[in-house]
Every structure is written in C-alpha cells, then in structure tokens.
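Heads up: the structure comes next, in structure tokens.
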Amino acid sequence: MDDLWGQACATLETSVGPNNFNHWIKPLRLTGLESGIAHFASPTRFISDWVNRHFAKDIMGVLSRHGQPVERLRFDVVPQTAPGRARPAAAPARPARPVASATAPAAARMAARPDLGAPLDPRYTFGNFVVGKPNELAHAAARRVAEGGPVGFNPLFLYGGVGLGKTHLMHAIAHDYQTRHPLAQVLYLSAEQFMYRFVQALRESTIMDFKGMFRNVNMLMVDDVQFIAGKDSTQEEFFHTFNALVDQGKQIVISADRAPAEIKGLEERIKSRLSCGLIVDLHPTTYELRLGILQSKTEVFRAQQPDLQIGAGVLEFLAHRITTNVRVLEGALQRLFAHASLLRREITLEVAQECLADILRTNDRKISIDDIQRKVAEHYNIRLADMVGPKRARNVARPRQIAMYLSKQLTSRSLPEIGRRFGGRDHTTIMHGIRKIDELVAEDHALAEDVNMLRRLLEA
C-alpha cells in the first residue's frame, strides 16, 4: 500500500500543485483497497471532508491509472496525537520546505504539519499585485509585515469592499513570509474555518489541542473576521488566542469588509484589541488602477497566447464601465480572452460590448437617474430643480436632454420611468431629447466631449 500510495502521490503533487498536495493530500495514508473503495487514514474530519469534496476525482483517477480501479473513497479519522493509535504516515514525496528536527522549537516543528490552515493561492503574490493610490498604504504595510522581525503595529487590520484586494494581500504576506522564514509556521484561514475548528474541538473534547495549535504559530492570519460577530463562544476563544499571540510577540493579520468599530455583533473588547494596531482601508479603485490591472493581466495572457489581438480602446472601455469590483473586472477580461482564443477573433470594442453585455448591464444599474441629474446640473451650473421644472430656455433644456440621454444609456430604466423622474414628462418627450442628443453628438465635437466626460465621471 505504501509503495502504491507513494507512486500516486508523486503524480498528485504535479496535478493538484505542491501547495494543495502538502495541505490536504500529504497527511493521508492509504490503508486498503476493497471492492472499488479506497480506504484512507486521515488526521482530522476536516481534512477528510475537504479532500472528499475537492480532490476525490483526482485521487480516484490516479489510482485507476496505477492499476487499481476505484469508485469511492472512505476515510477513517486517526488523530495524530491519539495514544495507542496509528499515526498517518506522510506520503514519500518531496517536502515543500525543510522539516525541523525534534530538538527545534515547537513552532518550527509545526511547519512540517500541512493540515493547519487553508491552502494559499499561488496566483496571489506581491509580484502580481497592481499598486495604485487606493491601495498603496495597504500594500506597504503588508510588505513590512511579510519581512518579519519587529513591526510597530500588531495586528495589521485590512478592510474594504468585495474585490478590492484584501485576500490577495493576505496570501501575498503568507507566501513572502514563508519564503523568508521556511521553518516558521504561518496559519492562514477564514473566520468561518476558525469557528468550524473550534466547534469541532468542543465536540471531540480536543480543546487543548486546538489552543496549542493556534497559539504556537509565528503568524496568524484570519480572513473575513466579521463572520464571528454574534458567535459568543467563538469570540471568547478568538479573544484569548489574540491576546496570547500578541503577548508572545507573534504577528496577527486580520481582514474584514468594514472597520472594527462598524462590525455589529462584535464584542467591544475585540474591537478595542483590533483597533490597537494599524487599520488600513482599501479604497474603491480609480480608473488608472483598473486600467493598470487590465494591462498587467493582458501581458500575462499575451505571454501564453502571443497571437492575441486587442483593439484600441478596449481596455480603457472596460476600466470605465466596470468600476466596483476587481474580480468582476478580471473575470470580464478572462471571458474576452477565452472568446478570442476559441473563436480566433480579434477583441474589438464591438466584440467586448457583445460578449460582456450582461456584466455591463449589471454595472449600469449602479448609476441612478438622481446621480445623472446631479452631475449634469453641476457641470452646466444650473439648479437641480431645473432638471424637473418647466423651463424651456436653451441653457436649461439642452442639459436636461443630455441627462435624459445619459439616463437611457447608463441605466436600465424605461422611457416612461425616465419621464416620471424628469417632472412627469411624456415618454415621447424623452425619446425626442435622446434623439436630439444622438444627432448633436455626431455633429458637435464640443458637445460630444461634454457627454463623454460626464459618462466617465458617472462611471468612475
């Protein structure tokens, strides 16, 4: 069994990647094969469940290629610390980093244990993190923490909206710190996983093992800490773990979707502890930062597909139109790359609009008619009330028509709805205003520039 599993592991390490292999598959031991079922010893139920959900097909495929057809995996939990029971043997694969000797400090010995935290994404490094004004402080702080040694702030608390780079920086810190300190133990996991492990320890009466595991790391990283809000017992354990690590001079890195003081249901004493370090807000992206991210991703893809052709203005168009979430922005670009690769077509502006119609519509809905009216009134120095009022003077009517035109272009509202928001005007009046601006944009260069500038301001 050991020989068969050793050969299978050599293949699995390549197919699932060294990081996933070391975290999830290496702790397993193949104990038997019977009637198409592969039996494994696993150190924890958590690892068993994760492997069964994410890597079962890979394992069954590899075993089948080695002459052992398998249709199902079965796991027996054999804790590593349980007296008188077998200890799961590590598969004979190349170690990810040096293994500390038995005389090394406890934290260093724990570096050889791959089952402590969530796997790190190899794509999330400092090398491919695009820095701009909204995230430069967070990036600098993350770099400083990753260097190790005395840091003037503990914890580092990163917060911001979805898709702004919090998780990317967390993974980058862990990667860089482990590279600099191979024997140190970095424990990265989500707040949900922290809670799951705590509940599991209570259920299995292994709470002391839990405490030891979390309090002997060199760096603890907890993502999305807002999820423990309202969970009293979990907050209690988190508080004591936090204090124990800070007292030992160990670094803590936390992320959340809002500042500590704004997390409802989080105990005041935890808010106070989190506020003692450096709190950094990752601001919404600017147009320049979004464009930089798109250009960086495009260069990476071009290295894989040298014949990729992207028309002028496509990246600028995406940076203008998709403004709220970097993940959505990257996903849109990836969809265009797939479209171009599969259909052997150049990515033109028309192709981008057609291929990403659903994403563009979703982002359009985030701009309201109120926003448009306010921005146009401000630009043309007229009163907001004039947008919905009866005045028909040219200096009021033309901005009103531009606002109607942008409302149709940038929102999903129907003509009657737009008419109601412009003082109860009939939909035919709205249609006339839109047509008029359409004609003028083609003829009047100055007005076209005004309309484009207002569109950029509203989409930024």
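Here Leu440, Leu458 are screened, and the one residue that is open to solvent by less than 80 Å² (accessible area, probe 1.4 Å) and in contact with a Lys or Arg (Cβ under 7 Å, 6 or more places away or on another chain) is Leu458. Figure legend. Inter-residue proximity from segment 18-39: first residues part of a strand (DSSP E or B), second residues open to solvent by less than 30 Å² (accessible area, probe 1.4 Å) and among the β-branched types (Val, Ile, Thr), beta-carbon distance below 6 Å, spacing 6+ or different chains. Indicated pairs: Ala38/Val70.
The set of residues from segment 234-259 being buried (at least 21 other Cβ atoms within 10 Å of the Cβ) and closer than 17 Å to Leu164 by Cβ comprises Val253, Ile254, Ser255, Ala256. Does segment 233-240 contain any residue that is of a type in the set (D, E, K, R) and within 24 Å of the chain's Cα centre (by Cα)? No, there is no match, as no residue in segment 233-240 is of a type in the set (D, E, K, R) and within 24 Å of the chain's Cα centre (by Cα).
Looking for whichever is at pLDDT 65 or above, β-branched (Val, Ile, Thr) and outside any helix (DSSP H, G or I) here; the options are Val70, Val62. Which one fits? After applying the criteria, what remains is Val70.
If only residues of segment 261-288 that are modelled with pLDDT of 85 or more and polar (S, T, N, Q) are counted, the one that is nearest to Gly160 (Cα to Cα) is Ser275.
The set of residues in segment 415-424 being open to solvent by less than 50 Å² (accessible area, probe 1.4 Å) and without any contact (Cβ under 8 Å) to a residue 12 or more places away in the chain consists of Gly419 alone.
Screening segment 14-52 for residues that are of a type in the set (D, E, K, R) and surrounded by 20 or more Cβ atoms within 10 Å (Cβ to Cβ) and picking the one that is nearest to the chain's Cα centre (by Cα) gives Lys26. Can you spot a residue in segment 388-407 that is within 22 Å of Glu316 (Cβ to Cβ), part of a helix (DSSP H, G or I) and touching a Gly at 6+ places or on another chain (Cβ under 8 Å)? Yes, the conditions are met somewhere in segment 388-407. Just to be sure I understand the filter: pairs with C-beta atoms under 6 Å, separated by 6 or more residues or on different chains, first member in segment 333-358 and in a loop (DSSP other than H, G, I, E, B), second member at pLDDT below 85 and open to solvent by 90 Å² or more (accessible area, probe 1.4 Å). Which pairs pass? Filtered contacts from segment 333-358: Glu346/Gln309.
Pairs meeting the criteria (first residue in segment 297-310 and acidic (Asp, Glu), second residue at pLDDT 80 or above, beta carbons under 9 Å, at least 6 apart or on different chains) are Asp307/Arg344.
Only residues that are loosely packed, with under 15 Cβ neighbours inside 10 Å, assigned to a loop (DSSP other than H, G, I, E, B) and aliphatic (A, V, I, L, M) were counted in segment 132-174, giving 1.
Screening segment 397-414 for residues that are open to solvent by 10 Å² or more (accessible area, probe 1.4 Å) and at pLDDT 90 or above and picking the one that is farthest from Asn381 (Cα to Cα) gives Tyr405.
The values are calculated or read from the model by the stated rules, or taken from the named source; none is laboratory data. These figures come from a predicted structure and were not determined experimentally. Positions of Cβ are backbone-derived with ideal geometry, glycine not excepted, and every protein chain shown enters the neighbour counts. Ligands, DNA and RNA are stripped out before the accessible areas are found, and what is left, the full protein with its side chains, is counted by its heavy atoms. Shrake-Rupley method; radii C 1.70, N 1.55, O 1.52, S 1.80 Å.
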